[in-house]
Amino acid sequence: MNDLKLIETYKSFLQSYSPEQLKHIPEQGVWSIGQMYDHLIVVAHEYLDSVEACDS
């Protein structure tokens, strides 16, 4: 699986959660599922940009 496909897979997994589940913070100091996915996707894009810059 290539990197962009993995990011799209992460995004597709979001469809299995309700908005309430995505926003629910189980306890103080813990991320919601939505925050976790947002972080994974943003950081994956940042890493891909860095990899692309190295290939240039």
Which ³J(HN,Hα) values, rounded to whole Hz and listed in residue order, are derived for the range 26-35 from phi using the Karplus coefficients 6.51, -1.76 and 1.60 in 6.51 cos²θ - 1.76 cosθ + 1.60 with θ = phi - 60°, glycine and proline given as x?
x, 6, 4, x, 10, 6, 6, 4, x, 5
Magnitude of the Cβ-charge dipole (Lys and Arg +1, Asp and Glu -1) of the chain about the Cα centre, nearest 20 debye, reported as 260
In the list (1) 24, 34, 21, 14, 6, 1; (2) 22, 42, 26, 10, 1; (3) 25, 42, 23, 9, 1, the entry giving P(r) over Cα pairs in 10 Å bins from 0, in percent computed from the coordinates is (2)
Could you check how much of the accessible area of the chain is carbon and sulfur, as a whole percent, using a 1.4 Å probe?
56
For the chain, what's the relative contact order in percent, using C-alpha pairs closer than 8 Å and at least 6 residues apart?
30
Would you mind checking the tilt of helix 3-13 against the longest principal axis of the Cα atoms of the chain, expressed as 0 to 90 degrees and rounded to 10?
10
Need the full-extension length gain, Ile41 to Phe13, defined as separation in residues times 0.36 nm minus the C-alpha distance. One decimal, nm.
8.9 nm
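The values are calculated or read from the model by the stated rules, or taken from the named source; none is laboratory data. For clarity, every value in this text was computed on a predicted model and none was experimentally measured. Positions of Cβ are generated from backbone atoms using ideal geometry, with glycine treated the same way; all protein chains shown enter the neighbour counts. Ligands, DNA and RNA are excluded from the accessible area calculation, which covers all protein heavy atoms including side chains. Shrake-Rupley method; radii C 1.70, N 1.55, O 1.52, S 1.80 Å.
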